[in-house]
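The values are calculated or read from the model by the stated rules, or taken from the named source; none is laboratory data. A quick note: this is a predicted structure, and the numbers were derived from the prediction, not measured. Note: ideal-geometry Cβ built from the backbone for every residue, glycine included; neighbour counts use all protein chains shown.
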Amino acid sequence: MKVVQLTSDKKKIEVALTPALLPLYDVENSIVVVIDIFRATSSMCYGIENGADAIIPVSQVEECIAYAEKGYLIAAERNGEVVEGFDFGNSPFSYTAEKVAGKTVVLTTTNGTHAIHLSRKAKSIVIGSFLNLSSLATWLKDQQENILLVCAGWKNKFNLEDTVFAGAMVDKLKGDDFRIDDSAIAAADLWELAKDDLGGYLAKTSHSERLKKLGIEEDIAFCLNVDMTTAIPVLDGEKLVKL
């Protein structure tokens, strides 16, 4: 009996709904877009846009502390709050040009830096947020690679805001050149529900509620600004730098 092999020269767009699902994906043959809308990847995009030389993502608070002696700014967030003794956390308002231009920031967060480290076998890792949605989509369209959108989620669980952003990216990229998986289809459907009132739709998320209890609603609104920046942070060795 003749065996028929089904092949396709189309690139794939896939969505990993949490970092815990990464072992199920072909990370090594994909460009990974790491997404942590509230707030890590939004702050990374804003910091690189505002002239930070680099942002070094690390997994543990202890790793971050070790960089302080080298003259770097150190930033740490756990459960939405700045870790005591650090310069700042992952609020985008800490990544203004006045604070970060010409400097290197070492950052650890609950979810975003965790997702970056789990994705390190990728062909390349770039950082996505609503702030740089269109510029990132334009760049991704020009790459002849599979694309894996990795939602940082909340402590390895699904969250809504990262998935809605993944859906926005799928909506910009989908077409004859790409094959999309069911997670990408679901994310795109959520984007359709959310896009006309992004703030209202995402106000009900669990992470929004956490941040509101900390009195930082301004961070939420800021992170939902679409196309405020054009810089694309890319992981170069240990550092996120401007593409």
Next item on the list: Hand me the list of strands (runs of 3 or more DSSP E) wholly inside the range 137-243 holding 3 or more residues that are closer than 20 Å to PRO92 by Cα, of a type outside the set (Ser, Thr, Tyr) and touching a helix residue (DSSP H, G or I) at 6+ places or on another chain (Cβ under 8 Å).
Entry: 239-242
Check: Would the range 147-156 turn up any residue that is in contact with a Gly (Cβ under 7 Å, 6 or more places away or on another chain) and under 24 Å from TYR25 (Cβ atoms)?
Finding: yes
Notebook entry, point to check: Which residue, of ASP219, ASP177, ASP181, is modelled with pLDDT under 95 and in contact with a strand residue (DSSP E or B) (Cβ under 9 Å, 6 or more places away or on another chain)?
Noted result: ASP177
Next item on the list: Take the range 86-98 and flag every residue that is over 21 Å from ASP36 (Cα atoms) and either crowded, with 23+ Cβ neighbours inside 10 Å or free of Cβ contacts under 8 Å to residues at least 12 places away in the same chain (or both).
Entry: GLU98
Margin query: Taking the condition of being crowded, with 24+ Cβ neighbours inside 10 Å and free of Cβ contacts under 8 Å to residues at least 60 places away in the same chain, how many residues in the range 101-115 meet it?
Written below: 3
